[in-house]
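Asker: I have a structure here, written as structure tokens, and I will follow up with some questions on it.
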Number of protein chains: 4
Amino acid sequence: MFCYRTRVKYADCTLGNHVYYARYLDLLEEARGELFRSIGEPFLKWQEQGVIFPVYEVHLRYREAARYDDELVIEVGLTRLRKAFLDFACRIVKADGAVVLEGETRHVCTSLDEKPMSIPPDLGGALQPHVRAGH
Amino acid sequence: MFCYRTRVKYADCTLGNHVYYARYLDLLEEARGELFRSIGEPFLKWQEQGVIFPVYEVHLRYREAARYDDELVIEVGLTRLRKAFLDFACRIVKADGAVVLEGETRHVCTSLDEKPMSIPPDLGGALQPHVRAGH
Amino acid sequence: MFCYRTRVKYADCTLGNHVYYARYLDLLEEARGELFRSIGEPFLKWQEQGVIFPVYEVHLRYREAARYDDELVIEVGLTRLRKAFLDFACRIVKADGAVVLEGETRHVCTSLDEKPMSIPPDLGGALQPHVRAGH
Amino acid sequence: MFCYRTRVKYADCTLGNHVYYARYLDLLEEARGELFRSIGEPFLKWQEQGVIFPVYEVHLRYREAARYDDELVIEVGLTRLRKAFLDFACRIVKADGAVVLEGETRHVCTSLDEKPMSIPPDLGGALQPHVRAGH
């Protein structure tokens, strides 16, 4: 799976000194963005070409809280890549191997006015190596 | 279901002029907090008594984007209230009735060091009327 | 001064159980937005007419931390309202009267492409009663 | 000055496709944190030793909006380092050299219960090379 590394910031935390449950979604978005950049074109280039990838479902299981200054690895891969659909499996892991969160975010490829459209073939081809075995 | 009303703020939005997908979780937390306040004791009072409610699962389906200044109704009810578990069904609806998001957030009742514990009986009793029929 | 009331949310806090220093700016923006709504037209209506109010300076003095679930009053008034400039004095106060923060946010009235323009006369007139004595 | 590089994320932006004015403070905090890490001990280590650095003033001048996916350099240096006071000058610059923001954040060195205390001598010594000429 594609790995994106980051560190927990003050702005990510809430009382109890752990990452606020919503902020993990920020991290997942960052990781998806870096996956796209790594295969050629960042989200911004696709958007300039009239293609966006709005989320339609999120499923997350929170395992262990991440804390301020923790180094995190965010793993992202694809579990579906077909027609207009891109489903991403994700996992956030601490430096010591503890799993913080795992789950899936499901997206649809659309035009800027949010009409579903097929994933552009060159994007589909570049994403193909990130589709996980068994899918 | 319990209804909490709010309005979309600049800080909730991202490019494309819609609410950023993670920010809906902020709104859901606000609504759960106001539900607790409405039945007697806000989260803070429970925390001062050593009881917290960390999330362990989130399942969300995004239907239609909410935009800046939209008035939203956030509906929250319980689908499970048993032993240490509190599962909340949630729905965010615009003033015109359009459904923005629906789903579930699942929580466990724990001590401050995150050891599961039974939901305090008086809290359980106060939450009982918010358990949705069929559950 | 115009008063906007709100309550500190989990999403506003960081470790140490106080509001994160950047989040007070979210609250100030909410208060300015409600001031505009109270005098007739919310920000969104002005934006639809091609008028926005980007910030160009922020000066804040942090007095005492606000904490989760604190009730806050956010006071906003104008210290300058002339040509293209709108300067807002602001103060955040707890229910017990303790001052959390005070300062100023300075804005310029512009077209959507961020060219300065005179404040529309009807807006200027409606804001005039909020200009603080001595200014 | 110390330079920290980052990229604008979806979560940083708001409608109008620019960084929300409060989010720059998140970036400034990240940069100060990386400055501390670079000279030896991250904030977290100081906090574990009972020393924190709450903000007491923020002064910012916004020059040009940063946009999604922009690469930013955040420059941080000290303008004061004396007794309990640490004042940081800061500047955010785009890859093309355009200045996004400049200003100052002022902090006080305190114990965990927010009583001012002298900056620990080893920290003061390590920060000394980051004090800007003329200060």
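Each value in this text was obtained by applying a stated rule to the coordinates, not by laboratory testing. Remember, predicted model here, so these are calculated numbers, not experimental data. Counting neighbours? That spans all protein chains shown, and the Cβs are built from the backbone with ideal geometry, glycine included.
Asker: B:Thr6 passes all but one of (1) within 30 Å of A:Trp46 (Cα to Cα); (2) surrounded by 17 or more Cβ atoms within 10 Å (Cβ to Cβ); (3) among the polar types (S, T, N, Q); which number fails?
Answerer: (1)
Asker: For the stretch C:65-79, name all the residues that are closer than 19 Å to B:Glu29 by Cα and touching a Gly at 6+ places or on another chain (Cβ under 9 Å).
Answerer: Residue satisfying the conditions is C:Asp69 alone.
Asker: Which fully enclosed strands (runs of 3 or more DSSP E) of the stretch B:43-135 have 1 or more residues being within 14 Å of chain C (Cβ to nearest Cβ) and charged (D, E, K, R)?
Answerer: B:71-82
Asker: What tally of residues in the stretch D:23-38 results from selecting those that are away from chain C (no Cβ under 13 Å) and either among the hydroxyl-bearing types (Ser, Thr, Tyr) or touching a Gly at 6+ places or on another chain (Cβ under 9 Å) (or both)?
Answerer: Number satisfying all stated conditions: 2.
Asker: Right, next: Out of the stretch A:17-29, which residues are without any contact (Cβ under 8 Å) to a residue 24 or more places away in the chain and either over 21 Å from D:Leu25 (Cα atoms) or of a type outside the set (Ser, Thr, Tyr) (or both)?
Answerer: A:Ala22, A:Arg23, A:Asp26, A:Glu29
Asker: In addition: Check the stretch A:103-125 and report whether any residue there is closer than 22 Å to A:Arg37 by Cβ, hydrophobic (A, V, I, L, M, F, W, C) and surrounded by fewer than 17 Cβ atoms within 10 Å (Cβ to Cβ).
Answerer: Yes.
Asker: Output yes when any residue across the stretch C:6-22 is within 11 Å of chain D (Cβ to nearest Cβ) and under 16 Å from the mean Cα position of the chain (by Cα), and no when none is.
Answerer: yes
Residues checked against (1) aromatic (Phe, Trp, Tyr); (2) within 30 Å of B:Lys45 (Cβ to Cβ); (3) out of contact with any Asp or Glu (no Cβ under 8 Å at 6 or more places or on another chain):
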| residue | (1), (2), (3) |
| --- | --- |
| C:Val58 | no, no, no |
| C:Asp70 | no, yes, yes |
| C:Thr79 | no, no, no |
| C:Leu86 | no, no, yes |
| C:Ala95 | no, yes, no |
| C:Arg106 | no, no, no |
| C:His130 | no, no, yes |
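Asker: Could you grab the pairs with beta carbons closer than 6 Å, sequence gap of 6+ or different chains, first residue in the stretch C:30-53 and on the phi > 0 side of the Ramachandran plot, second one aliphatic (A, V, I, L, M)?
Answerer: From residues that are on the phi > 0 side of the Ramachandran plot, the pairs are C:Gly40/C:Ala126; C:Gly50/C:Leu112.
Asker: Looking at the stretch D:44-67, is at least one residue more than 17 Å from D:Gly103 (Cα to Cα), crowded, with 19+ Cβ neighbours inside 10 Å and of a type in the set (Ser, Thr, Tyr)?
Answerer: no
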